[in-house]
Amino acid sequence: MTDADVTEPGRHEFTVESSETVYSGAIVALRLDQVSMPGGRVVEREVIEHHGAVAVAAIDDEDNVVLVDQYRHPIGKRLLELPAGLLDLPDEDPLLAAQRELAEETGLAAREWAVLVDVVLSPGFTDEALRVYLARGLTEVHRPEPEHEEADLEVIRMPVDEAVRAALSGRIVNATAVAGVLAVAAARSGGVELRLAQAAWSQQPFALLRRQQARRTEGRR
């Protein structure tokens, strides 16, 4: 190693020297990147590309948060979660997607919307990112006929304080729900002014969506 190979901590440019996609499916793709490290080494990093997602912490007039109890096949269990869904359509607006998911999973709409918290869910191996909205002023709307796991989905209203205790005790373990519930409590206790519902979202991932769009374009040729 020479003096030229040494950079001040926090200044190295992690350049991708080459990249190979080994799998591309409906909701994930697996990419192998060769990345330059400090000191001149090049190492392989596995990257799971994923669609962005949105979730909703909907609070009713009795100060309950609306949760869904939903089966998740990878862990073989039902989890208490916030209503949520993927951004898997071209140019889909995150706020409109959140409003759609709230209606589809709970049969509810909301008058007031704000950005509660943005989360990158596991940046050690995936670009998956999620935006959680706070929704108030709930009203009932038509709920479309559910399919697949959502046909077994149960809607539960839980007092916010109880939901916080459930997150801290391990009863609520879904990362999105934990982040959303604790963010509601933190924003209240700190008197934090939340971002507008249309606030920019710089962490929203697009790699998988662009890949799928390119594949569809290629298929039409």
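The values are calculated or read from the model by the stated rules, or taken from the named source; none is laboratory data. As the structure is a computational prediction, the values presented were derived from the model and not from experiment. Positions of Cβ are backbone-derived with ideal geometry, glycine not excepted, and every protein chain shown enters the neighbour counts. Only protein heavy atoms, including side chains, enter the accessible area calculation; ligands, DNA and RNA are left aside. Shrake-Rupley method; radii C 1.70, N 1.55, O 1.52, S 1.80 Å.
Kindly provide the chymotrypsin sites (Phe, Trp or Tyr not before Pro) of the range 77-171 that DSSP labels as loop, not H, G, I, E or B, and whose Cβ sees at most 14 other Cβ atoms within 10 Å. Let's see the in-between values first.
Working: sites: Trp113, Phe125, Tyr133; in loops: Phe125.
When the chymotrypsin sites (Phe, Trp or Tyr not before Pro) of the range 77-171 are filtered for loop state and at most 14 Cβ neighbours within 10 Å, Phe125 remain.
Counting only C-alpha contacts under 8 Å and six or more residues apart, can you give the relative contact order of the range 1-157 as a whole percent? Write down the numbers at each step before the final one.
Values: 322 pairs, mean separation 35.5, N = 157.
Relative contact order of the range 1-157: 23 percent.
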Which order do Ser19, Ser36, Ser202 take when ranked by solvent-accessible area (1.4 Å probe, heavy atoms of all protein chains), largest first?
-> Ser202, Ser19, Ser36
Principal-axis tilt of helix 160-169 within the chain, Cα atoms, nearest 10 degrees = 50
Trypsin sites (Lys or Arg not before Pro) within the range 18-85, DSSP loop, no more than 15 other Cβ atoms inside 10 Å | Arg41
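Size of the dipole of the chain about the Cα centre, Lys and Arg at +1 and Asp and Glu at -1 on the beta carbon, nothing else charged, in debye to 20? List each step's numbers first, then the result.
Numbers: 23 positive and 38 negative charges, 47 e Å.
Once rounded to the nearest 20, the dipole reads 220 debye.
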Furthest towards positive pole of dipole, Leu168, Ala179, Ala214, structure part the range 159-221, Cβ charges | Ala214
When DSSP assigns beta bridges and you keep just the ones with both residues in the chain, what percent turn out antiparallel, to the nearest 5?
-> 85
The chain: calculated mean residue ellipticity at 222 nm from DSSP helix runs of at least 4, using -39500 (n - 2.57) | -7500 deg cm²/dmol
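How high is the relative contact order of the range 120-203, in percent, with contacts defined as C-alpha pairs under 8 Å that are six or more residues apart?
Numbers: 34 pairs, mean separation 22.7, N = 84.
RCO, the range 120-203: 27 percent.
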Spin-label point model (7 Å from Cα, Cβ direction): what's the Leu89 to Arg216 distance in nm?
-> 1.0
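Keeping all protein chains in place, calculate the accessible area per residue for the chain (probe 1.4 angstrom), answer in Å². Kindly include the intermediate steps, with their values, before the conclusion.
Working: 12830 Å² over 221 residues.
Per-residue value: 58 Å².
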Scan the chain and hand back the longest stretch that contains none of the GluC sites (Glu not before Pro) lying in DSSP loops with at most 12 other Cβ atoms within 10 Å.
-> 63-146
Carbon and sulfur together cover what percent of the accessible area of the chain at a 1.4 Å probe radius?
-> 51
So for the range 69-169, using the alpha carbon gyration tensor with a ≥ b ≥ c as root eigenvalues (a/c under 1.5 gives rounded; past that, a/b versus b/c decides prolate or oblate), I'd call it rounded
Would you tally the net charge around Leu79, using a Cβ to Cβ cut-off of less than 12 Å, leaving Leu79 out, and scoring K and R as +1, D and E as -1?
-> 0
